[in-house]
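The values are calculated or read from the model by the stated rules, or taken from the named source; none is laboratory data. What you see is a predicted model, and the numbers here were worked out from it, not measured in a lab. Using ideal geometry, Cβ is built from the backbone for each residue, glycine included, and neighbour counts are taken over all protein chains shown. Side chains included, ligands, DNA and RNA excluded: accessible areas come from the protein's heavy atoms. Shrake-Rupley method; radii C 1.70, N 1.55, O 1.52, S 1.80 Å.
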Amino acid sequence: MSDQRMSAASFRALYERLRGQAQWGAADRRGALNHITPQRLAAAAGEVRAGRSVTMAAALASSGPDNPEPGARHMKRLPAEPSDVPGASFAADHITMNIHGDVDSHIDALCHVSYEGTLYNGVPEGVVSSSGAAELSIEEAKDGIVGRGVLLDIPRLRGAAWLELLFVRVGHRRRRDELGPWEVARSRAGLHPDTAGYLAERQVAALGCDSNGDTAPSIVDGVAFPVHVLAINALGLYLLDYLQFDDLLPVCEAAGRWSFLCVIAPLRLPGGTGSPVNPIAIL
């Protein structure tokens, strides 16, 4: 959350240090999901005590300064002629969206970010083409991402050997709701690249934010989206962008705790660089 700038040389050194911590071999394509062992997943079920589930996704947004390509919905009723299916008719929607926009909740696959010609674990960026990603697509998370989640509410704060799934609230979504949308590509709160070291130390598998994790403008000389580069490309960590925590906050406050079982289920999009997502916190 710092505005302290980072030089290109310092960023490069941090990138190399974090990338050097990979421990799963050259053939690995799961990245930080390897941190979620069967034992840790089973232990995370102990977070469920009240039997309460809460969404962390935002509703699909309309057009605005931060959403020039809003998701589009076309509604229709089937069948077109009622006589085709006597006694029955069905409402149906057709939806299109920019998965990696600046408003709608989504998850980034490990093929989403290339840095100096390579993806996570040295995979050549050429595996991603107009037909999709041949490696590191969102299909790697087809069985879901399930583990212990922790919400860090930075406005409220201004402290586990491992976290598994970390969610950071900077207040982006609340500001948008109260003051209206703005050009977030030019001005946005986010994390300092140094926080990537914390993510590695705590063996975090997925990081979610109500912004997109990166500040705008970038605080690293010559590198746009440095947190994305460090998290996805160097650490193999899944990022969830533009979530909302307004539903979760009062539940955590009432329970007196900020950890929960988290279930993240991306759509199965073979070759996809990401997916719309609706993460669920279960307390």
From Leu179, Leu207, grab the single residue that is within 27 Å of Ala44 (Cβ to Cβ) and of a type in the set (A, V, I, L, M). Leu207
Of the residues in the stretch 25-72, how many are of a type in the set (D, E, K, R), open to solvent by less than 50 Å² (accessible area, probe 1.4 Å) and under 21 Å from Ala231 (Cβ atoms)? 2
Condition first: part of a loop (DSSP other than H, G, I, E, B) and acidic (Asp, Glu). Now tell me which residues in the stretch 178-233 satisfy that. Glu183, Asp194, Asp210, Asp221
Among what's in the stretch 30-48 and is in contact with a Gly (Cβ under 8 Å, 6 or more places away or on another chain) and in a loop (DSSP other than H, G, I, E, B), pick the residue that is farthest from Glu139 (Cα to Cα). Ile36
Filter the stretch 114-152 for residues that are assigned to a strand (DSSP E or B) and within 30 Å of Phe245 (Cβ to Cβ) and give the result. Tyr115, Ala133, Ile145, Val146, Gly147, Arg148, Gly149, Val150, Leu151, Leu152
Looking at Ile138, Ile99, which is the one that is of a type in the set (A, V, I, L, M, F, W, C), closer than 15 Å to Ser275 by Cβ and modelled with pLDDT under 95? Ile99
When you scan the stretch 172-191, do you find a residue that is in contact with a Lys or Arg (Cβ under 8 Å, 6 or more places away or on another chain) and open to solvent by 20 Å² or more (accessible area, probe 1.4 Å), even just one? yes
For Ala59, only one of the following conditions fails: (1) in a helix (DSSP H, G or I); (2) within 18 Å of the chain's Cα centre (by Cα). What is its number? (1)
For the structure I just gave you, tell me whether Tyr120 is surrounded by fewer than 21 Cβ atoms within 10 Å (Cβ to Cβ) and of a type in the set (Phe, Trp, Tyr). no
Restricting the search to the stretch 234-251, which residues are outside any loop (DSSP other than H, G, I, E, B), open to solvent by less than 60 Å² (accessible area, probe 1.4 Å) and not small (Gly, Ala, Ser)? Tyr238, Leu239, Leu240, Asp241, Leu248, Leu249, Val251
Name the single residue that is farthest from the chain's Cα centre (by Cα) among those in the stretch 62-73 being over 14 Å from Pro181 (Cα atoms) and of a type in the set (Gly, Ala, Ser). Ala72
Output for the stretch 252-283, where each listed residue is open to solvent by 20 Å² or more (accessible area, probe 1.4 Å) and assigned to a helix (DSSP H, G or I): Glu253, Ala254, Ala255
Please verify whether the stretch 102-117 includes one or more residues that are open to solvent by less than 20 Å² (accessible area, probe 1.4 Å), within 17 Å of Gly190 (Cα to Cα) and β-branched (Val, Ile, Thr). yes
